[in-house]
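Working notes for the structure below.
Only the coordinates and a few stated rules stand behind these numbers; no lab work does. For clarity, every value in this text was computed on a predicted model and none was experimentally measured. Every residue, glycine as well, gets a Cβ built from its backbone with ideal geometry; the counts of neighbours run over all protein chains shown.
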Amino acid sequence: MGAFRGWLAGTGLLILAGIAVPYGLLPGDEPSFAVLIFWCLFAVAVIGAILVGISGWRR
Amino acid sequence: MISPVLVWGAIGAFALIGFAVAFAASRGNTGSAVDYYLGGRAIGGAVSGLSYAATTYSAFMLVVLTGLTYRGGVGALGFELIYFSGLSLVVVFGPRYWLASQTWGFVTPAEMLGRRYGSRSVARATAVVSLLFLMPYCTTQMAGIGLLLSGVTGGAITLPLAVAVGALLAIFWTLVAGLRSVAWTDAGQAAVMMVAALLAVGFVVAAIGGPGAFAERVMEERAAWLGVPGPGLWSLPTFLALSVPWFFFPLSNPQVSQRLFAVRDLRAMRSMILWVLGFGLLFTLISVVWGFAALILTPDLANSSEATPALLASGAVPVWVSLLLIVGILSAAVSTLDSIALTLGAMVARDLAGRETQEARQVFVGRLVVVLVILFAAIFAVQQASIVDQLAALSAAGLIVSVPAIVGAFFWRGGTAAGALASLVGGAALALWLALGAGISVFDPVLCGSVIAASTLLFVGVSAVTRGRPDAIDFPGELRPLLSRKAIW
C-alpha cells in the first residue's frame, strides 16, 4: 500500500500544481506563452503518472 | 456558407458507412442483456478506448471549448486538462469496477452501488439522479447538431431537420446491437473526429502563415488571452467551478463508468486508457488551437459559440475539409448521445423496472427508453426550453453526488445504504435548489463546493449512525485477494 499512497499523493500534488502554478506563480504583466507551455508539460506529467499507475497490472 | 446539397451528401455517406458498421457489429449479438448493454463483456482495448473517447469528447469540444478559448483564452486549455487528469481516477477505480462486475455480474453502475450497499433504493436513486441530469445533457448535444448544420448552411438546413437527422442516427445505431453497434460506430466516429479536426486545424494555421506566424499574431493581437484569468472569463473561482465537477467525470457519469464493465480483460483496459490519453490530449490541443485561430481569422464575433461555424465559413478551410469536420462534430454529438441513451436504457430496464424480469424484456425496455430519451432530447432541443438548458449546465455538478458513495463502496467498509441514499437524494436536491431556486450559476464555485460537501457529509454522517444491510457486499474485503492477484494497488 506504500506505493499506492505514494502514487496517490504524487498525482494529487501534480493536479493541484496544475491549478496553483498558473494562478499563483505564472501570471505576470509580460505577455508570454509560459502558461500554455506549463499546461502542456502538465498534460505530459499526467500521462506519465497514469502510465506508472497501470504499468504493474497483470492480466 | 456551405451548399446544403454538399452537407446532405456528406451526412448521407457518413450514415451509410455507419449503418454498415452497426449491422456488421450486430452479428455477434446473442440477445442477452449482458450482450446488449455490455457487448458480452468482450470489447477489445482499441475499440473500448476510441468508444470511450468518442463518448467523453462530445460536440462540446469543437463548439463550446473552442468558444471558451475564443472568449477567455488559454484558461480553457487548463480547464480541459484538469478534466483530462481525471483519467487518473480510472487507474484506481477501473480495475475495481471490472473485477466487481466480473465477480457479481453487474451491468450498470447503479446496480453495482445497490448490491454493494444491499439496497434496491440506492440503485433506484442512482438511476433517477442519472436520468435527471443526463437527459438534459443529451438535449445540448442535439442542440449542437442543430446549430452547427443550420449555421454552416445559413439556415437552409433548419434546426428541427438537423435535430431529426441526429436523432435518427443515434436511435438506429443504439437499437441495432446495443453496445456492440454503439462501440463500433463510436470507434469509427472517433477516427473521423480526429482526422477531420487535424486537417481543419492544419489548414487554418497554414492560412495564418504557419505555426510561427500564428504564435506571433496571437502574441501581438491577443496577448491577454495567453494568461489567466485572461480577458476576464477564467478567474480562479470560475476555473474551479468548472474544473472540479468535470475532474470526477469518469466516476460520476455512468455512460463512461459503465464502459469499465465491458472490456475483455485488464490488458484491454490498459490499452483503452492509453487510447483515451492519446486521443484526449491531441483533441484538446486541437480544440484550443482552433479557438485561437478563430480569434485571429474571425475576430469580434458577438457570440463565441459561433466561432466554429464562422471559421468554417471564413474560406480558410477547403469545402471538403469543412464537410469532413461537420461530419466529425456530428459524430461527436451522436456518439455521446447514443452512449448516454444506452446507459439510461440499461438503468431503467435493470434498476427501475427490476432485474427479475426476463432478459428479452430487459432489452426491450432498454430499447424503448433509448427511443424516449433521444426523442426527449430532440423535442427539447427544438423547443429550446430554458429549464432544460439550466439542468444541462448543472449536469456535471449534479452527477457528482454519486461520487462519495462510489469512493466509499471500494474504500470504506463503514458506508451504509442509508448513508448512500442520503448522499444521493440530499446532494441532488441541494444542487437543484441552488441552481434553480437560489439562482446560483454553475460558474460560481459555491454551487459545486456545496454539493460536494453536502453529499460527502451526508454519506459519512448518516453512515456513522446507521448499520449496514446484512446483504451488502464487502467490496474492500472480497476484492482484495483478486486485486493482489492482478498486482493492482
Original post:
With no solvent and one point on each alpha carbon, what is the Debye value of log10 I(q)/I(0) for the range B:1-61 at q = 0.15, 0.18 Å⁻¹?
Top reply: -0.68, -0.87
**OP:** Could you check the simple spin-label distance between B:ALA20 and A:SER32, using points 7 Å along Cα→Cβ, in nm with one decimal?
**Re:** 5.3 nm
**OP:** Stick to Cα atoms and the Kirkwood definition of Rh, then tell me Rg/Rh for the range B:125-207.
**Re:** 1.06
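For the range B:217-287, how big is the tail of P(r) above 20 Å, as a whole percent of Cα pairs? All intermediate terms of the calculation are to be shown ahead of the outcome.
Details: 1343 of 2485 pairs.
The answer is 54 percent, as a whole percent.
Compute the Rg/Rh shape ratio of the range B:95-249: radius of gyration over Kirkwood radius, all on alpha-carbon atoms.
1.07
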Original post:
How do B:TRP489, A:TRP39 line up, fewest other C-beta atoms within 10 Å first?
Top reply: B:TRP489, A:TRP39
Subject >> Cα pair distances in the range B:406-489, grouped into 5 Å bins until the bin that holds the longest one, percent each >> reply: 3, 15, 19, 17, 13, 13, 10, 6, 3, 1, 0
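Dividing the Cα radius of gyration by the Kirkwood radius, what Rg/Rh value follows for the range B:4-386? Present the calculation step by step, with values, prior to reporting the outcome.
Numbers: Rg = 20.4 Å, Rh = 21.0 Å.
In the range B:4-386, Rg relative to Rh is 0.97.
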Original post:
Computed FRET efficiency, Cβ-Cβ of B:ALA302 and A:LEU14, R0 45 Å: what is it to the nearest 0.05?
Top reply: 0.70
**OP:** May I ask you to list, by number, the DSSP H helices of chain B whose Cα span along the axis is at least 27 Å and whose average Kyte-Doolittle hydropathy reaches 1.6 or more?
**Re:** B:4-26, B:159-177, B:179-208, B:266-297, B:319-347, B:359-383, B:445-464
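Viscosity 0.890 mPa s, temperature 25 °C: give me the Stokes-Einstein translational D for the protein assembly as shown in µm²/s, with Rh taken as the Kirkwood radius over C-alpha pairs.
On the way: Rh = 23.5 Å.
Rounded to a whole number, D works out at 104 µm²/s.
Roughly how big is chain B's charge dipole about its Cα centre, with Cβ charges of +1 (Lys, Arg) and -1 (Asp, Glu), in debye to the nearest 20?
Numbers: 25 positive and 19 negative charges, 314 e Å.
It comes to approximately 1500 debye.
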